[in-house]
Amino acid sequence: MNSLGDATLTALELLLSGDPETWNIIGISFQVSSSAMLVSVPPALLLAFVLAHFRFPGRKLLISVFSALMSVPAVVVGLTLFVVLSRHGPLGEWRLLFTQTAMVMGQVLLSFPILVSMSLAAFRAVDQRAWETARTLGADPVQAFLTLLHEVRFGLLTALLAAFGRIIAEVGSSMMLGGNILHYTRNIPTAIALETSKGNFAQGIALGIVLVAMAFLLNAFLHSLENRGSMVEAA
C-alpha cells in the first residue's frame with residue numbers, strides 16, 4: 001500500500017511540476033486523436049445523414065456493416081494497416097509505418113464506424129419531416145443540413161465523445177502502427193503499457209489520471225450542454 005501511495009504522489013508531482021516527458025506524451029496523444037477526429041467527423045456525419053434520409057439499394061447492408069465494425073478490435077485494425085503500410089505492402093512506398101500519420105489512419109478507421117452508427121441513431125431520433133420542412137421554407141441543402149445538425153446536436157456530441165474516448169485510449173493499433181517511439185509516436189496508452197511493464201508505475205498512474213480526468217470533464221461538459229438545452233426548450 002505504501003509503494004502504491006508513493007507512486008500516486010509521484011504521479012501527481014509529475015503532472016503538477018510539468019514534467020516534459022510526461023506532458024510530451026500527453027500532447028502527442030491529443031494531437032493524433034484530434035487529427036483523426038477532424039478527418040473522420042465531416043464524412044461520417046454526411047454519410048449518417050444520407051443513410052437516415054435516403055433509400056437506395058444496399059442501404060440496410062451498409063448500416064449493418066458499420067454496426068458490426070464498431071466492435072472490431074483495435075489490434076485487428078492495426079494489423080491490417082501494418083500489412084498494407086509495411087515495406088512489402090501495397091502502400092509500402094509511402095513509408096508511413098511508425099509515423100503519426102499511420103496512427104491517425106488507424107484511429108480514423110476505429111472512430112469512423114462509431115461516428116456513423118451513433119450519428120445515424122441521432123438523425124433517426126428527429127422527426128423525418130424536419131429536413132423537408134427546412135427545404136420547404138426556402139433553405140438550400142447546406143442550410144437545411146446545418147439546421148438538422150442543430151436539432152440533433154446532443155446526439156452528435158455523444159457520438160463525438162464516444163469516438164474520441166475510444167481512439168485516445170486504444171493501445172493495439174497505436175503500438176503496431178506507431179512503434180511507441182519516444183517524443184514522436186509514444187502516446188498515453190502505449191506509454192502506460194510500457195512503463196507498467198518496466199515497473200515505473202508513477203508515470204503510468206500519471207497518464208491514467210489524465211485519461212480519467214478527461215472522461216469526467218467531457219461527460220460533465222455534455223451534461224451541462226444537455227441541461228442548458230432542456231432549460232432553453234422549457235422556456
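The values are calculated or read from the model by the stated rules, or taken from the named source; none is laboratory data. Here the structure is a predicted model, which means the values were calculated and not measured. So basically every Cβ, Gly included, is an ideal-geometry build from the backbone, and we count neighbours across all protein chains shown.
Brief remarks on what is shown
- Just one of the listed residues (LEU81, LEU97, LEU4, LEU51) is assigned to a helix (DSSP H, G or I) and within 22 Å of ILE192 (Cα to Cα), namely LEU4.
- The range 16-33, residues that are hydroxyl-bearing (Ser, Thr, Tyr) and touching a residue at least 60 places away in the same chain (Cβ under 8 Å): THR22, SER29, SER33
- Within the range 18-42, being farther than 14 Å from TYR184 by Cβ, among the polar types (S, T, N, Q) and crowded, with 16+ Cβ neighbours inside 10 Å holds for THR22, SER33, SER35, SER40.
- Exclusive hit being in contact (Cβ under 8 Å) with a residue 24 or more places away in the chain, out of contact with any strand residue (DSSP E or B) (no Cβ under 7 Å at 6 or more places or on another chain) and not hydrophobic (A, V, I, L, M, F, W, C), set ASN227, ASN219: ASN219
- Within the range 57-95, the set of residues being surrounded by 12 or more Cβ atoms within 10 Å (Cβ to Cβ), closer than 20 Å to PHE112 by Cα and polar (S, T, N, Q) comprises SER67, THR80.
- Residue match in the range 164-182 (condition: of a type outside the set (Phe, Trp, Tyr), under 19 Å from PRO20 (Cβ atoms) and loosely packed, with under 15 Cβ neighbours inside 10 Å): yes
- Some residue of the range 60-71 being assigned to a helix (DSSP H, G or I), without any contact (Cβ under 8 Å) to a residue 24 or more places away in the chain, among the polar types (S, T, N, Q) and farther than 23 Å from LEU157 by Cα: no
- Within the range 183-200, being closer than 15 Å to ASP19 by Cβ, in a helix (DSSP H, G or I) and touching a residue at least 40 places away in the same chain (Cβ under 8 Å) holds for ILE188, ALA191.
- Extreme residue, surrounded by the most Cβ atoms within 10 Å (Cβ to Cβ), among residues of the range 130-140 that are of a type in the set (Gly, Ala, Ser) and assigned to a loop (DSSP other than H, G, I, E, B): ALA139
Condition check ((1) exposed (fewer than 15 other Cβ atoms within 10 Å of the Cβ); (2) at pLDDT below 90) across all residues:
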site: VAL142; (1), (2): yes, yes
site: GLU151; (1), (2): no, yes
site: LEU161; (1), (2): no, no
site: THR185; (1), (2): no, no
site: GLY199; (1), (2): yes, yes
site: GLY208; (1), (2): no, no
site: LEU211; (1), (2): no, no
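- Looking across the range 165-182, the residues that are in contact with a Ser or Thr (Cβ under 6 Å, 6 or more places away or on another chain), assigned to a helix (DSSP H, G or I) and of a type outside the set (Val, Ile, Thr) come down to SER174, MET175, GLY178.
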